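Enquirer: This structure is in structure tokens; I'll ask about it shortly.
We did not get these values from a lab; they are worked out from the coordinates using the rules stated. What you see is a predicted model, and the numbers here were worked out from it, not measured in a lab. We place every Cβ from the backbone using ideal geometry, glycine too, and count neighbours over all the protein chains shown.
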Amino acid sequence: MMEDVYIERSDKETEEFIAEESSAFLETKINYLKEHKNEFIYFETSELTEIGVDSLSIEVDDVFATYDVMLGLKLAKKQDSAIRAFLDQELNGNDIKYDLMFDQGDGLWNVNFTLDYVSGFMEDMTLASALRLIIDFLTRLVKFVKE
């Protein structure tokens, strides 16, 4: 799958680095995060860079126990309504589905969304499958916004 993936685990509270992981860690089930609620997993890969995302992180929400994806997305500020339209249409859930804020300083959209609400998500999927699902979702988002 992603040969060039960089993975690290960090503490949610302190953002302190715990460990760098090899690509073999991608075979770990995503529910690893429910067993290690104090951690988040950080990913970098060229596939993300190609769609305008430097990196992303996944963690379990302490309140809702959902999987949250956090990233910075390189799209113009004026794309606000198109991004929201895509997220409203594509995320299937009853709670807060996403959080979207433009960072003037970085020129990036700070995007947080609930992975559980992405079509195809399963609690027993591997991190590799989850990452693939996220990349496909973001690729569709960028394509939608640019059309």
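Enquirer: Compare the Cα positions of 51, 129, 22 along the charge dipole of the chain (+1 at Cβ of Lys, Arg; -1 at Cβ of Asp, Glu; about the Cα centre) and return the one farthest towards the positive end.
Expert: 51
Enquirer: Another question, if that's okay. Of the options 64, 111, 75, report the single residue whose Cα projects farthest towards the positive end of the charge dipole of the chain (beta-carbon charges: Lys, Arg +1; Asp, Glu -1).
Expert: 75
Enquirer: Taking the Cα centre of region 6-146 as origin, sum charge times position over the Cβ atoms of Lys and Arg (+1) and Asp and Glu (-1), and report the length of that vector in debye to the nearest 20.
Expert: About 800 debye.
Enquirer: Right, another one. Please state the shape class of region 1-68: rounded when a/c is under 1.5, otherwise prolate if a/b exceeds b/c and oblate if not, all from the C-alpha gyration tensor.
Expert: Prolate.
Enquirer: What residues have an amide H closer than 5 Å to that of residue 12, excluding those fewer than 5 places away on the same chain, when H is modeled at 1.01 Å from N in the peptide plane?
Expert: 39, 40
Enquirer: Could you work out the relative contact order of region 6-146, using alpha carbon pairs under 8 angstrom and six or more residues apart, expressed as a whole percent?
Expert: Reported as a whole number, the value is 23 percent.
Enquirer: Above 29 angstrom, tally the Cα pairs of the chain and express them as a % of all pairs, no decimals.
Expert: Of all Cα-Cα pairs in the chain, 11 percent lie more than 29 Å apart.
Enquirer: Go ahead and estimate [θ] at 222 nm for the chain from helices alone: -39,500 (n - 2.57) per DSSP H run with n ≥ 4, summed, over the residue count, rounded to 500.
Expert: Using -39500 (n - 2.57) per qualifying helix, the result is -8000 deg cm²/dmol.
Enquirer: Oh, and also: Provide the per-residue ³J(HN,Hα) series for region 38-45, in order, calculated from phi with Karplus coefficients 6.51, -1.76, 1.60 and θ = phi - 60°, each as a whole number of Hz, with x at glycine and proline positions.
Expert: Going residue by residue, I get 7, 10, 10, 10, 9, 10, 10, 7 Hz, with x marking Gly and Pro.
Enquirer: Which of the lysines could be linked to residue 146 by a straight reach, that is with a Cα gap under 26 Å, when you skip same-chain ones fewer than 8 residues away?
Expert: Candidates past the 8-residue exclusion: 74, 77, 78, 97.
Enquirer: For a quick check: with amide H placed at 1.01 Å from N, whose amide H comes under 5 Å from residue 108's, ignoring anything fewer than 5 positions away on the same chain?
Expert: 103
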